[in-house]
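> I am attaching a structure below and will ask some questions about it afterwards.
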Amino acid sequence: MAIDPDYDGYWKEIITTLFEDFVQYFLPDVYQEADFSQPPVFLEQELQKLIADKRKKGKIFNDKLVRIILKDGSQQWLLIHIEVQSYAEADFVERMFSYFYRIYDKYGSQITAIAIYTDDRKDITDTFSYQLFGTEVTYRFNAFSVQQFDEKELLASDNPFALALLAGKYHLRTHQDAEKRYSFKRKLVTLAWEKNYDRTKVVALLRFVHLIISLPETLETQFEQEFVKRLINEQEMELTKSQKRIAHTVYEAVYGESLESGTGK
């Protein structure tokens, strides 16, 4: 039986790997105040303890909680609660509020929350409201949808998360068109090279693209044989030894084997 792709998990993986770029793209005000000379601390295990309840019903936790240090000298922690939603949940905004007050009660620190909707919804929700006999609560969080971003602006951006968003848009656009998906995958791989990102970013992006823009087996084999190997081989004549190692590392990150041992899938 086929296993459903873990699209939320793919997003969480690239957010973790390229966290500073993520903050710069989605939370520029936070980025200006953050001290990234001190590594962020990911608190997934702590978050799981806080939110373990019946609503999760045994599902894998993909929610993220990150602690970063600010530049203001106060050593104050900023807790960033991140959600990635690939499908609609009726109680999602209530759950966001629940997470907020549980985190606040536990840490008593500043919190900012962000939700990224990676499905094809046009409208996004960013507010939980409660009213009863004169008691009122309104909780608003940062919210973005893959669909709201303009493709031309994403192509023009040098932030790697622009390319990740573009991959998300292409994923939604090509559910029923494998040939178009193949074309978009080629485009995204080329863009990752042309942006001249460092090794970590290239590997993370190509792994993400490979997982999000999945292809039928025959097209995946074609993609490997006609494009990936050709792309690497064509560039090796002009690449430095270090860049060649990057190219081979990229291939291994995507296909799980070295370029020399690859036999085609």
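The values are calculated or read from the model by the stated rules, or taken from the named source; none is laboratory data. Note that this is a predicted model, so its numbers are computed, not measured. As a convention, Cβ positions derive from the backbone with ideal geometry for all residues, glycine included, and neighbour counts pool all protein chains shown. What goes into the accessible areas is simple: the full protein's heavy atoms, side chains included, and nothing from ligands, DNA or RNA. Shrake-Rupley method; radii C 1.70, N 1.55, O 1.52, S 1.80 Å.
> Considering only protein heavy atoms and a probe of 1.4 Å, how much of the accessible area of region 157-218 is carbon and sulfur, as a whole percent?
Heavy-atom surface of region 157-218 belonging to carbon and sulfur, 1.4 Å probe: 46 percent.
> Compute the length gained on full extension between Y31 and T138: take 0.36 nm times their separation in residues and subtract their Cα-Cα distance, giving the result in nm to one decimal.
That pair, Y31 and T138, stretches by 36.0 nm at full extension.
> Still on this model: List the residues, sorted by chain then number, that are 5 or more residues from Y117 or on another chain and whose placed amide H is less than 5 Å from its amide H.
Residues meeting the amide H criterion: Q85, F144, S145, V146.
> Looking at this model, which pairs from K12/K106; K49/K122; K122/K185 are more than 29 angstrom apart at the alpha-carbon?
Those over the limit are K49/K122.
> At a Förster distance of 25 Å, what's the computed FRET efficiency of Q131 paired with F92, Cβ-Cβ distance as r, to 0.05?
That gives a FRET efficiency of 0.85.
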